[in-house]
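S.K.: Got a structure for you, written out below as structure tokens; questions coming shortly.
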Amino acid sequence: MLSHFVQANALELSIPGVAVGVWADGEKSYACHGVTSLDNPLPVDPDTLFELGSATKPFTATALMHLVARGQVELDAPVRRYIPELRLKDERAAAKITVLNLLNHTAGLDWALLADTGDGDDALAAYVARLDELKLIAAPGIRASYSQSGYNLAGRIIEKVTSLTYENAVASLLLQPLGLAHSFFLDSAIMTRRFAVGHNPDANGRLAVARDWKRWRSNNPGGGLVSSARDQLRWARFHLGDGSAESGEQVLPVKMLQQMKEPTVELRGSTLGDAFGICWFLRDIDGVRTVGHGGSAHGQFAELLIVPERNFAVVSLANAGPNGIPFNQAVVRWALQHYLGVVDRDPEPLPYDPARAQEFAGTYENDAMRFVILAGETGMALEVGLKPEIRAGLASDAPPDYPPAAIGLLPGNGDDYILIEGGMKGQRGFFTRDEDGTVVGVDLAGRIATRVSAGEQFRES
């Protein structure tokens, strides 16, 4: 039944290759379909490597928790205890940010400093040296806003404390003890194994191989791990367990694993969760607490969800954008319903109000992304893409922009919204206002963008 659903949805959404794993009732199940690449096709199997993107972050957080358990790191300690050279745009923020602020995205750092600092062992150190270029969106501890740069900074803490490179530290602390034999950071280890490549639509709407294949080394703590469905299911089972590896080695105290799954800060209006734990998105679905994290990279998408009280996990990996997102979401929802009887439904938007929509119309930006809200007579839409100057700097490394997708406001205060079509269908976010009630920002997928202009009109067909 799982294999039939996976194959049917991969075909319907035109995903070249997918790998899915489920842990339920004490048993593993896998369903794979398609090929690693349209240019050089090989069959996908449970050991095929996919880019995890931000699903790497729980590895970084768990490695830091291992160091906390050893007494080498304190969650409430300022980051400067471990990285005294840290410099940010605001000296007070640089002195105040704690390790926990990085792990639950409350450091006040903007989404990402997109900077290639080379492939050497000093890549993370060089990246951190440039963080004074990154915008700050709030004082530390004020609000949650998803930050790639925050996790890359956390990776540098691991390097400083262990005196190892980030990649070697994670391998020795986690990958090797847990037997994750198909999980790697470096191209030299990946290229001799079967790996998937991403795909994105070209100018004619046909899927083409995404190039370049993997982002720079300084991005590894926030999004650089490459892994398989089999390894991801083993990783999920570790987080469902007592902190020990299958060999019996105690990798993390069970109280630390539990601490990672406890709320540290609430999230508003997000599909990703109701709160952050330590890294994990926490979300209640149909009365059941779920713990998960997703990721995207170069036309590849990953989704991992666990249900601790039911000893359940599902992982879904897909190698095409933008439909990899709805594919993974469909797999997770199907698995929850068919294995656990848990039903995940999107909320219904309010009837469209053109006058209300004009409050939100405009352009919003963070350090790397541009969000345009378009409002017309019959509907409101969202365009998402890279800022032109960022796209120009990335050259062939840049993913395509998403086409305009219809959005609807949700019941409540009327400032929450949901995307009702396109590759991000079902994603939720909200608008923020200043003290005068003027709309000044938009949140999507945990990231905030500030309004830079108003009054865009929906170009209706």
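Where a number appears in this text, it was derived from the coordinates with a stated rule and is not lab data. Computed from a prediction, not measured in an experiment: that's the story for all the values here. Note that each Cβ is placed from the backbone with ideal geometry, even for glycine, and that neighbours are counted across all protein chains shown.
S.K.: How would region 289-445 be classified by its alpha-carbon gyration tensor: rounded, prolate or oblate, with rounded meaning a/c under 1.5 and the a/b versus b/c comparison settling the rest?
M.R.: oblate
S.K.: Here's another thing I want to ask about it. If Lys and Arg each add +1 and Asp and Glu each add -1, what is the summed charge of the other residues whose beta carbon sits under 14 Å from the beta carbon of Asp119?
M.R.: Local charge sum for Asp119: -3.
S.K.: Among Tyr30, Tyr352, which comes first, second and so on when ranked by fewest other beta-carbon atoms within 10 Å?
M.R.: Tyr352, Tyr30
S.K.: Whole Å is fine, so just give me how far the alpha carbon centre of region 116-184 lies from that of region 398-424.
M.R.: For region 116-184 versus region 398-424, the Cα centre distance is 31 Å.
S.K.: Which of Ser3, Leu86, Ser14 sits closest to the plus end of the dipole of region 1-95, meaning its Cα is farthest towards the positive end, when Lys and Arg get +1 and Asp and Glu get -1 on the C-beta?
M.R.: In region 1-95, that residue is Leu86.
S.K.: I would also like to ask the following. Starting at the first residue of region 149-156, write each ³J(HN,Hα) from the Karplus equation 6.51 cos²θ - 1.76 cosθ + 1.60 with θ = phi - 60°, in whole Hz, x for Gly and Pro.
M.R.: My calculation for region 149-156 gives 4, x, 6, 5, 5, 4, x, 5 Hz in order.
S.K.: Let me ask something additional. Which entries in Lys89/Lys425; Lys255/Lys425; Lys57/Lys96 show an alpha-carbon gap greater than 28 Å?
M.R.: Lys89/Lys425; Lys255/Lys425
S.K.: Continuing with this model, one more query. Of [x] 62, 55, 44; [y] 94, 59, 59; [z] 88, 62, 44, which is the value of Cα extents along the principal axes in Å derived from the coordinates here?
M.R.: [x]
S.K.: If you place +1 on the Cβ of every Lys and Arg and -1 on the Cβ of every Asp and Glu, how big does the dipole about the Cα centre of the chain come out, in debye to the nearest 20?
M.R.: It comes to approximately 740 debye.
S.K.: Please give the peptides 98-110, 255-267, 339-351 ranked by average Cβ packing (other Cβ atoms within 10 Å per residue), highest first, as a rough proxy for protection.
M.R.: 98-110, 255-267, 339-351
S.K.: Using θ = phi - 60° and the Karplus curve 6.51 cos²θ - 1.76 cosθ + 1.60, what whole-Hz ³J(HN,Hα) does each residue of region 46-58 get, with Gly and Pro shown as x?
M.R.: For region 46-58, the Karplus-derived couplings read x, 9, 5, 8, 10, 6, 8, x, 5, 5, 6, 4, x Hz, x marking Gly and Pro.
S.K.: List the residues whose amide H sits under 5 Å from the amide H of Phe312, counting only those 5 or more places along or on another chain, with H placed 1.01 Å from N in the peptide plane.
M.R.: Amide H neighbours of Phe312: Val307.
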